[in-house]
Amino acid sequence: MALSYNKLWHVLVDKKMSKTDLRRAAGLTTNALAKFGKDESVPLETLEKVCRVLDCTFDDVVEIVPDKEEPGRIVE
């Protein structure tokens, strides 16, 4: 399974915020922001900070994407 933060970038566009605006408002490190950009895992505390600033839930900013060749996965 992989993570995707594409939803986060859409929320930022909707709220007319830049990544730098988010980083400053949420008190994120540049390293944390880079992890979002690479679809890497981040601590829940980091996601919580983002959601508080954007007034949203985890579901609004991150998506779990199943691997296409994951063993035992049922393909429709």
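The values are calculated or read from the model by the stated rules, or taken from the named source; none is laboratory data. Bear in mind that the values here come from a model prediction, so they are computed numbers and not experimental data. Just the protein is used for accessible areas: all its heavy atoms, side chains included, with ligands, DNA and RNA removed. Shrake-Rupley method; radii C 1.70, N 1.55, O 1.52, S 1.80 Å.
Quick notes on this one:
- Prolate/oblate/rounded call for the range 20-67, Cα gyration tensor, a/c under 1.5 rounded: oblate
- Accessible surface calculations at 1.4 Å, restricted to protein heavy atoms, place the chain at 72 Å² per residue.
- Cα gyration tensor, the range 1-47 - rounded (a/c under 1.5), prolate or oblate: oblate
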